[in-house]
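Structure first, then comments.
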Amino acid sequence: MKLRLLILCAICLTLVACTSNRKRGPDPTPLTKITATVQLVPLWSSSFSPGRGNASSKFINLLPIIVDDQIIGAASDGVVASIDKSNGTLRWSTSLENEITAGVGEDAGTVAVVSGERKVVALRSDSGEIRWEKPIDQTIFTPPLVYRGFVILQTIDGDLLAMDTSTGESVWDAFYDQPEFVVFGSPRPLGIGNIILVGNATGRVFATDLTTGLENWQIYLGGAGSETALSDAETIPVIFGDKLFISDYTKAIVAYDLTDGSLFWQHRRQSKRRLAVDSIQVYGADLDDKVFALERSDGSIEWEQDSLLHRKLRNIALVGEHLVVGDKQGFLHILDAGTGEIVGRTKLKGDVLFGGLLTDGNRLFVSYKSGRMDAFRLTSDQ
């Protein structure tokens with residue numbers, strides 16, 4: 001592990017040096033005046049840990065989650081907290097007294113996080129009371145999945161560990177190949193039925209049996225490359241119904257049947273790895289920041305929006321009947337999901353976490369790297 005981390009540090013320094021010498025890319029497309037028909041109305045601002053400050057590492061991506069009428073999140077300084085979803089007030093706060101490197105996951109009343117002391121900590125989601133703490137001999141930066149009585153952990157080496165939710169006892173482990181280029185803060189594993197889905201930096205998605213830890217099937221995307229493996233855009237599977245949607249970054253957007261892992265359709269396009277899916281369409285942005293929508297049933301093009309080219313779009317989320325995309329300059333652009341027309345725009349006041357847009361109906365919750373969260377309601381001016 002020490003050797004791996006030393007190699008990683010050397011790689012980081014090399015990539016930084018290469019980036020500094022790299023030719024500057026195209027300038028962002030200037031924003032043009034729009035006729036806004038919808039707007040994001042501020043509701044409240046809150047914080048999971050007032051003293052957190054900036055995240056201690058750009059590799060740690062502590063994303064909060066919505067649990068019924070609350071939002072539960074963690075701060076790198078060791079605080080796990082719950083915010084009331086309706087008004088932003090703090091419901092409970094628990095200090096673990098150690099830096100948190102991965103979190104949070106929740107299911108059936110249990111919240112799980114991982115500390116820098118290599119401990120998995122389970123708490124009650126209604127009070128923040130610690131249920132159990134268990135040491136592990138692996139480093140974890142990926143948010144845990146709490147699912148059907150198990151806490152599922154993905155290690156920095158790409159392996160999966162399963163623990164009993166009630167006791168913290170180890171149940172099984174599964175070992176997968178992981179290249180020396182590792183990805184910090186990968187998206188948490190997904191659970192569907194009796195299967196756990198996890199993507200790693202080899203360009204594969206593995207389907208693992210929940211009760212045994214044995215591999216059911218795997219998908220090889222073949223799009224992972226060393227230059228992007230350290231970025232915050234690793235393979236991010238999205239489940240909708242019985243289908244799995246993924247962008248493999250270099251080749252295509254693909255849809256797979258979850259019953260057996262067979263290919264349903266593919267759309268040839270170099271695109272960013274974060275997608276949004278609803279009952280009609282699949283939404284994304286290509287490498288030049290052209291936003292697009294595909295027909296969910298066959299992958300055909302429904303619309304494209306090219307007025308945001310080279311604005312380094314990072315986040316994408318569906319809010320009601322609208323698509324919200326965030327750029328590096330801190331703007332949220334609101335698009336009509338049916339046509340792709342830009343119908344609203346908001347300037348944020350901080351650096352948003354990758355994947356830091358949570359939605360609940362017409363409400364949008366924005367999670368910043370500082371630990372702050374802002375809540376908005378999407379309303380129509382018509």
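The values are calculated or read from the model by the stated rules, or taken from the named source; none is laboratory data. Since we're looking at a predicted model, the values are computed, not measured. Neighbour counts run over all protein chains shown; Cβ positions are idealised from the backbone, glycine included.
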Discussion item. I'd like the full set of residues that are closer than 18 Å to Glu117 by Cβ, without any contact (Cβ under 8 Å) to a residue 40 or more places away in the chain and in a strand (DSSP E or B), limited to region 154-171.
Written reply: Leu161, Ser170
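Yes/no per residue for (1) crowded, with 17+ Cβ neighbours inside 10 Å; (2) touching a residue at least 24 places away in the same chain (Cβ under 8 Å); (3) assigned to a strand (DSSP E or B):
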{"position": "Leu244", "(1), (2), (3)": "yes, yes, yes"}
{"position": "Ile253", "(1), (2), (3)": "yes, yes, yes"}
{"position": "Tyr256", "(1), (2), (3)": "yes, yes, yes"}
{"position": "Gln266", "(1), (2), (3)": "no, yes, yes"}
{"position": "Asp289", "(1), (2), (3)": "yes, yes, no"}
{"position": "Ala293", "(1), (2), (3)": "yes, yes, yes"}
{"position": "Arg314", "(1), (2), (3)": "yes, yes, yes"}
{"position": "Gly326", "(1), (2), (3)": "yes, yes, yes"}
Discussion item. Which numbered condition in (1) within 21 Å of Ser125 (Cβ to Cβ); (2) part of a loop (DSSP other than H, G, I, E, B); (3) at pLDDT 90 or above is the only one that Ala36 fails?
Written reply: (1)
Item to complete: Could you grab me the full set of residues in region 257-281 that are within 22 Å of Leu318 (Cβ to Cβ) and aliphatic (A, V, I, L, M)?
Response: Leu258, Leu275, Ala276, Val277, Ile280
Worksheet item: Picking from Val291, Val254, which residue would you name as being of a type in the set (A, V, I, L, M) and at pLDDT 95 or above?
Response: Val291
Worksheet entry | Filtered residues of region 106-132 (kept if of a type in the set (S, T, N, Q) and either at pLDDT below 95 or under 22 Å from Arg148 (Cβ atoms) (or both)) | Thr110, Ser115, Ser125
Worksheet item: Does Pro143 satisfy the criteria of being within 19 Å of Val80 (Cα to Cα), modelled with pLDDT of 90 or more, buried (at least 22 other Cβ atoms within 10 Å of the Cβ) and not acidic (Asp, Glu)?
Response: yes
Discussion item. Just to verify a result, which residue in region 329-364, among those that are of a type in the set (Lys, Arg) and free of Cβ contacts under 8 Å to residues at least 60 places away in the same chain, is surrounded by the fewest Cβ atoms within 10 Å (Cβ to Cβ)?
Written reply: Lys347
Worksheet item: Name the pairs whose Cβ atoms lie under 9 Å apart, with the first residue in region 365-382 and at positive phi, the second among the polar types (S, T, N, Q), and 6 or more positions between them or separate chains?
Response: Gly371/Ser47; Gly371/Ser49; Gly371/Asn54; Gly371/Ser76
Item to complete: Would you be able to tell me the number of residues in region 340-382 that are in a loop (DSSP other than H, G, I, E, B) and of a type in the set (A, V, I, L, M)?
Response: 1
Discussion item. Tell me the residue from Gly199, Gly193, Gly284 that is crowded, with 19+ Cβ neighbours inside 10 Å and either at pLDDT 95 or above or over 26 Å from Asn315 (Cβ atoms) (or both), please.
Written reply: Gly284
Discussion item. Looking at region 220-239 only, could you name the residues that are within 26 Å of Gly149 (Cβ to Cβ), among the aliphatic types (A, V, I, L, M) and modelled with pLDDT under 85?
Written reply: Ile236
Item to complete: Starting from region 89-102, keep only residues that are closer than 12 Å to Ile72 by Cα and without any contact (Cβ under 8 Å) to a residue 40 or more places away in the chain, then list their pairs with residues that are part of a strand (DSSP E or B) and β-branched (Val, Ile, Thr) whose Cβ atoms are within a distance under 6 Å, requiring at least 6 positions of separation or different chains.
Response: Thr94/Val80
Fill in: Residue check for Ala55: under 26 Å from Glu169 (Cα atoms), surrounded by 19 or more Cβ atoms within 10 Å (Cβ to Cβ) and modelled with pLDDT under 95
no
Worksheet, complete the sentence: Restricted to region 71-124 and to residues being of a type in the set (S, T, N, Q) and surrounded by fewer than 21 Cβ atoms within 10 Å (Cβ to Cβ), the residue farthest from Leu357 (Cα to Cα) is Asn98
